[in-house]
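The values are calculated or read from the model by the stated rules, or taken from the named source; none is laboratory data. Everything numeric here is computed off the predicted structure, so don't read it as measured data. So basically every Cβ, Gly included, is an ideal-geometry build from the backbone, and we count neighbours across all protein chains shown.
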């Protein structure tokens, strides 16, 4: 049975990838595959990963997100993670999952604003 | 609202019909006990004035209780309550209404600040006065049985009084704790998108947890881009505190906001380096003013001095 991915919307030169609650490992992996394929097809240079619907993010999902960002960057697309919920951030920080190297923003708007800045800030 | 206070306590102490029945069983208050007391009601009614007078004479004789009887208005109110209390013992009932009344009496005493010791002592005095009255009026056998019934009911009342006091105390502890928690993490909005948290005192794990939760919630609610944490007032910065700060920084970053740590004195700087804690990922400044300036810079603004 085919695993559904997540909706990926193209906005200009950016791809907006909206994760929905009930994200399983397989859906996360499938989303990664589809996103990378879309980057290749569309030549997008920017990616927003919107996780505002996720009320929990486990270690595995966190790693998939970081890996996805790394892979997208290798393919020439700068990636920003947006909309993490406070309780998710608290849990990840407690587990020592700082998602190092991943750029973050409060919401999609600010994600675009960050992408508009010239270079990646720490 | 004072009018509904006792019903509030009824709920808090979970005094529903089942609970009252269970207590009655434990205090061995049988229907016969209540009937025996109810039979004494006419006697109680004729001697109420005498018993209450004896009771107040005794309260006034002791300095501990006398100080609560300075205000004539309070005395009048207490006398009315005591009259109802005394006659209530001979009502032949021990139901929800009875318990509600007992709680009201307890709350009234707690409100005027009467220490529990005087309150419990008063029950003992009531038993003395009632015993004298009953022995004078009943044949020895009947008097004994009635006194046992009375004692059971008075102990039942005492349990309610103590619980009312305990509930009031735990409520005030809860309020204080909430106030302290609120004060421990005073997040201030400095500018649009810039929040400031001045930390003062000692940071232990429990407080660090609270700080983390509040900070994340406020950053998210205010859609803040920068969180300034000023640690000038923190008593001791050790490895653990540094660790808590780093965690808060990491979590705030995950939300998409930056953290600036300010108030770093030479002492704190030395400690952090000596401890070998790496906080290089965080923006740090010595003075709060510099931190605010950096925050403005990060949010695309700048500080100008003078004229236009």
Are any of the residues in segment B:223-241 modelled with pLDDT of 90 or more, assigned to a helix (DSSP H, G or I) and under 20 Å from residue A:104 (Cα atoms)? no
Identify, please: which residue in segment B:204-246 is more than 10 Å from chain A (Cβ to nearest Cβ) and more than 20 Å from residue B:285 (Cα to Cα) and is, among those, surrounded by the most Cβ atoms within 10 Å (Cβ to Cβ)? B:211
Being in a helix (DSSP H, G or I) and either within 14 Å of chain B (Cβ to nearest Cβ) or in contact with a strand residue (DSSP E or B) (Cβ under 6 Å, 6 or more places away or on another chain) (or both) is the requirement here; does residue A:92 meet it? yes
Can you find a residue in segment B:24-32 that is part of a helix (DSSP H, G or I), closer than 20 Å to residue B:119 by Cα and touching a residue at least 12 places away in the same chain (Cβ under 8 Å)? no
Here is a list of conditions, (1) in a helix (DSSP H, G or I); (2) not assigned by TED's automatic domain parsing to the domain that holds residue B:11, and residue B:103 meets all of them except one; can you say which number that is? (2)
Mind listing whichever residues of segment B:189-203 are touching a strand residue (DSSP E or B) at 6+ places or on another chain (Cβ under 6 Å) and within 14 Å of chain A (Cβ to nearest Cβ)? B:194, B:195
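Here is a yes/no grid of residues against (1) part of a helix (DSSP H, G or I); (2) touching a helix residue (DSSP H, G or I) at 6+ places or on another chain (Cβ under 6 Å); (3) at the interface with chain B (Cβ under 10 Å from one of its Cβ atoms):
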position: A:73; (1), (2), (3): yes, no, no
position: A:76; (1), (2), (3): no, no, no
position: A:80; (1), (2), (3): no, yes, yes
position: A:88; (1), (2), (3): yes, no, yes
position: A:100; (1), (2), (3): no, no, yes
position: A:104; (1), (2), (3): no, yes, yes
position: A:112; (1), (2), (3): yes, no, no
position: A:115; (1), (2), (3): yes, no, no
Note on segment A:56-70: residues surrounded by 16 or more Cβ atoms within 10 Å (Cβ to Cβ), part of a helix (DSSP H, G or I) and out of contact with any strand residue (DSSP E or B) (no Cβ under 8 Å at 6 or more places or on another chain) are A:61, A:62, A:64, A:66
Considering only residues of segment B:206-265 that are without any contact (Cβ under 8 Å) to a residue 24 or more places away in the chain and within 31 Å of the chain's Cα centre (by Cα), which is farthest from residue B:196 (Cα to Cα)? B:206
So which residues in segment A:13-28 are assigned to a loop (DSSP other than H, G, I, E, B) and free of Cβ contacts under 8 Å to residues at least 24 places away in the same chain, if there are any at all? A:22, A:24
With the condition kept exactly as written, say whether any residue in segment B:121-141 is in the same structural domain as residue B:168 (by TED's automatic domain parsing), closer than 24 Å to residue B:19 by Cβ and in a helix (DSSP H, G or I). yes
Applying the selection to segment A:89-102, what residues are within 15 Å of the chain's Cα centre (by Cα) and crowded, with 22+ Cβ neighbours inside 10 Å? A:89
Filter result for the condition that a residue is touching a helix residue (DSSP H, G or I) at 6+ places or on another chain (Cβ under 6 Å), in the same structural domain as residue B:46 (by TED's automatic domain parsing) and modelled with pLDDT of 90 or more, over B:95, B:157: B:157
State which residue is surrounded by the fewest Cβ atoms within 10 Å (Cβ to Cβ) when the search covers only segment B:249-282 and only residues that are within 14 Å of chain A (Cβ to nearest Cβ) and either modelled with pLDDT under 80 or part of a loop (DSSP other than H, G, I, E, B) (or both). B:280
From (1) loosely packed, with under 12 Cβ neighbours inside 10 Å; (2) over 30 Å from residue B:149 (Cβ atoms), pick out the condition that doesn't hold for residue B:61. (2)
